[in-house]
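Student: I'd like to ask some things about the structure below.
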Amino acid sequence: MPRTTRPRLYLHIGEPKTGTTFVQEAIWENRARLASQGILLPGYSVEDHFRASRDLRGAQRMPSDPAPRWEGDWDVLIRQALLAPEAALISNELLVACRPNQADQAVRSLDSAEVHIIVTLRDIAHVLPAEWQEAVKWRDTVTWEDWLDEVVRTAPAADRRRQSWFWTMHGTLANLAMWSRHIPPDFVHVITLPQHGPTDALWARFASVIGIEPGSVDLPRERLNASLGLVEAEFLRRLNGALPAEIPEWFYTRDIRRVLVPDALRIRPEQARLVLPPSVEAWAREQSEVLVAGLRDSKYHIVGDLTDLLSEPGTSSYVSPAELPAYQLLDAAVQVASALVHRNYRDRYAADPQEQGSRGLRQRISGLEWAVLNGPLTRRRLRNASQFAAIRRLRVTIWRVLMHPRRQRRADRPGGTLRPSIGRPALPGSHPNARRSITIKLPSPRRSSPAEEISSEVVSQDDHS
């Protein structure tokens, strides 16, 4: 029977450091439950949304990058999304970095759907320290004060904002205007992140926008992309400066960002948090007031309280990261050295975990089907050939077979065979708390190579600089 209504398609475009990782963990851990309420997640994992974002934004791939090519991934993802009977959701915080022509391309490619834009926002006093720490986690060596000075200097220069990573991501009013040129303003949903209180409030606001019951999902119990402490961030910045230039970005991503940072630094006992220096507090307040006034005058759908975005004065004394005593940095170095030794031991001598329990016939058939149609070798070959339209159509057909909405709904029932994994499987030799790649827990014919396992977050220089 032909479709009589257009599907709704929600594009969650950012902003970074506003609870996006928490939201993404929530939706992927509850994929089947969202499907049962009419919300389809295209792709197999959060990695597919990330790769599609890179394709749309024209991100350059380094020659030494072991990840498969992402050319054509945006077309594949939206074709999958448009198969949704009711609604689909795409979420990647780097979509907000699109240029105007790329945002237009994204919206126009979804002409057959009712497109909604979702943006999550946080007060700038919390975003600034978080973004500097994120830059450090991407191998930056600039000091906190120098990084902050550049952000402040660039703020009033409209012609320079698009050359600044921070303002490209957090030039909120300009970005909303860019993405909403072909969308009714009431289809642009601005969700504020409460400054105080549990993250459940953010999820409740997000769920209300996409039309699902907030209490129907299991929320993540741990924060997989939590900010570093003051000492940890400064130690990592200095480590970045000492690393040889020959180490490629993809190796840094695998061994530092995705293993060392969450394993040795993030799980350390609670440390002092980085705050704005007093000299910048008034400027931050002014920036937040301008944003709130612009949003209040807009016709966008505001979800939450705009006062959540007003910058508040710091409640703790300011400590410059560059002036931390050496003994505190030494403590962080000891933790890192211990983690590296442990990682080396596990890589060399730890036995591979054995699959627990026996699987029934239906599960074995599903596993074989998955291995043939979407095993590591098949997936890599198809991705690397996706510049051809026929290959992109084939990938959509395979996804439709493996991830049909009705099949996802069945997976949420007792005994279902297609259930998303909780969290992301750790890299070989990494700590269980390390950031992991969300995949469907079905067997593959062979163990994935390190290159395949790290592909979800191998980001080139133009993705974060």
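What follows draws every value from the coordinates through simple rules; no lab data is involved. None of the values given here were measured: they were computed from a predicted structure. Positions of Cβ are backbone-derived with ideal geometry, glycine not excepted, and every protein chain shown enters the neighbour counts.
Student: Report the local net charge at Pro313: Lys and Arg +1, Asp and Glu -1, summed over other residues whose C-beta lies under 9 Å from its C-beta. Walk me through the numbers before you get to the answer.
Tutor: Values: positive: Arg285; negative: Glu281, Glu312.
Taking every Cβ under 9 Å from that of Pro313, the sum is -1.
Student: Report ³J(HN,Hα) in whole Hz for each residue of segment 86-100, in order, from the Karplus equation J = 6.51 cos²θ - 1.76 cosθ + 1.60 where θ = phi - 60°; Gly and Pro get x.
Tutor: For segment 86-100, the Karplus curve yields 10, 8, 9, 10, 10, 9, 7, 5, 7, 4, 5, 7, 4, 7, x Hz.
Student: Next question. Under the definition of Cα pairs under 8 Å and six or more residues apart, what whole-number percent is the relative contact order of segment 1-85?
Tutor: Details: 47 pairs, mean separation 28.5, N = 85.
Relative contact order comes out at 34 percent.
Student: Between beta-carbons, use under 10 Å as the cut-off and find the net charge around Met178, counting Lys and Arg +1, Asp and Glu -1.
Tutor: +1
Student: Taking other Cβ within 10 Å of each residue's Cβ, how do Arg54, Arg181 sort, fewest first?
Tutor: The order, fewest Cβ neighbours first, is Arg181, Arg54.
Student: Okay, next question. Based on other C-beta atoms within 10 Å, arrange Leu340, Leu77, Leu276 from fewest to most.
Tutor: If I rank by nearby Cβ atoms, fewest first, I get Leu340, Leu276, Leu77.
Student: While we're on this one: Would you mind counting up the charge near Thr154? Only other residues with Cβ under 9 Å from its Cβ, with Lys and Arg at +1 and Asp and Glu at -1.
Tutor: Charge balance in the 9 Å sphere: +2.
Student: If I take R0 = 25 Å and measure r between the Cβ atoms of His196 and Asp146 in this structure, what FRET efficiency does the formula 1/(1 + (r/R0)^6) give, to the nearest 0.05?
Tutor: E(calc), rounded to 0.05, equals 0.25.
Student: Through the Karplus equation 6.51 cos²θ - 1.76 cosθ + 1.60, θ set to phi - 60°, convert the phi angles of segment 157-163 into ³J(HN,Hα) values in whole Hz; use x for Gly and Pro.
Tutor: Result, rounded to whole Hz: 9, 4, 6, 9, 4, 6, 8.
Student: Whose amide H sits under 5 Å from the amide H of His116, counting only residues 5 or more places off or on another chain, with H placed in the peptide plane?
Tutor: Leu9, Tyr10, Leu11
Student: How far apart, in nm, are the 7 Å Cα→Cβ label points at Thr397 and Glu246?
Tutor: My value for the distance between the label points is 4.7 nm.
Student: Would you mind getting me the FRET efficiency between Ser64 and Ser279? Use the beta-carbon distance for r and R0 = 41 Å, nearest 0.05.
Tutor: It comes out at approximately 0.45.
Student: Which residues does a label at Phe187 reach in segment 107-128, if reach means a backbone N under 16 Å from a point 7 Å past the Cα toward the Cβ?
Tutor: Only 107-119 pass the distance filter.
Student: Convert each backbone phi in segment 368-379 into a coupling constant with the Karplus relation 6.51 cos²θ - 1.76 cosθ + 1.60 (shift: θ = phi - 60°), then list the ³J(HN,Hα) values in order as whole Hz, x for Gly and Pro.
Tutor: 5, 4, 5, 4, 6, 8, 9, x, x, 5, 4, 4
Student: Please state the charge dipole magnitude for segment 8-349, taken about the Cα centre, from unit charges on C-beta atoms (+1 on K and R, -1 on D and E), reported in debye and rounded to the nearest 20.
Tutor: 620 debye
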